[in-house]
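Notes follow the structure.
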Amino acid sequence: MFRPLAPRTVRWRPLQGEGLEHMSIEATPAGVVARSVVIGSQDGAGFGAAWQIRCDTLWRTREVRVRAADGRTLALDSDGEGRWSRPDGAPLPAFDGCMDVDLSATPFSNTLPIRRLSLDLADGTAELRMVYVPFDTLEPFVDGQRYTCLLSGRLYRYQAVDGSFSADLPVDEDGLVTDYPTLFARV
């Protein structure tokens, strides 16, 4: 459905307020690594951060690192089967069953379940538990999300399980969001 990933750089800008994200992504023998720097604002407060997500070859999230410009950090590891821990191995059972991470400041987060699940029209819809990380606090929590394939390899509907938000997300040949209505646009 998606082509093999080649190294590339993409940028997104928020549709409200000021900001910019610059992300590089590459395939490695162990999987996929995405690295980014993002600046923006959330609820009127500016932020800056660098993040890295490492996935295995099946696009299962294995490592998340976020460093805010003010020095705060977040580090999470996953076994790829829905169990999370701190880098020192201390388990985080509140996130059991979460396969992916959703970083609030980037549309790249949507690529993770889209690539991992490879949903097509026959598969329909998947409901997921995500580790959601708001950039204003860097305090993760579990968030219910639903993805539906509308056009295989090209268009997916994201919905918050609680019904508070929905968006149809066009993606490119790598599964990267090209337009996120009301939130982000690719530059």
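The values are calculated or read from the model by the stated rules, or taken from the named source; none is laboratory data. Here the structure is a predicted model, which means the values were calculated and not measured. As a convention, Cβ positions derive from the backbone with ideal geometry for all residues, glycine included, and neighbour counts pool all protein chains shown. To get the accessible areas, we keep the full protein, side chains included, count just its heavy atoms, and leave off ligands, DNA and RNA. Shrake-Rupley method; radii C 1.70, N 1.55, O 1.52, S 1.80 Å.
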With the condition kept exactly as written, say whether any residue in region 111-126 is of a type in the set (D, E, K, R), surrounded by 16 or more Cβ atoms within 10 Å (Cβ to Cβ) and in a strand (DSSP E or B).
no
Of the residues that make up region 13-21, is at least one assigned to a strand (DSSP E or B), out of contact with any Pro (no Cβ under 9 Å at 6 or more places or on another chain), exposed (fewer than 13 other Cβ atoms within 10 Å of the Cβ) and among the charged types (D, E, K, R)?
no
Considering only region 131-178, how many residues are at pLDDT below 95, more than 14 Å from the chain's Cα centre (by Cα) and closer than 16 Å to F108 by Cβ?
0
Kindly evaluate G80 against the criterion of being at pLDDT below 95, open to solvent by less than 40 Å² (accessible area, probe 1.4 Å) and touching an Asp or Glu at 6+ places or on another chain (Cβ under 8 Å).
no
It is to be established whether one or more residues within region 53-71 are in contact with a strand residue (DSSP E or B) (Cβ under 7 Å, 6 or more places away or on another chain), open to solvent by 70 Å² or more (accessible area, probe 1.4 Å), in a loop (DSSP other than H, G, I, E, B) and not polar (S, T, N, Q).
yes
Residue check: is S36 among the small types (G, A, S), open to solvent by less than 10 Å² (accessible area, probe 1.4 Å) and assigned to a strand (DSSP E or B)?
yes
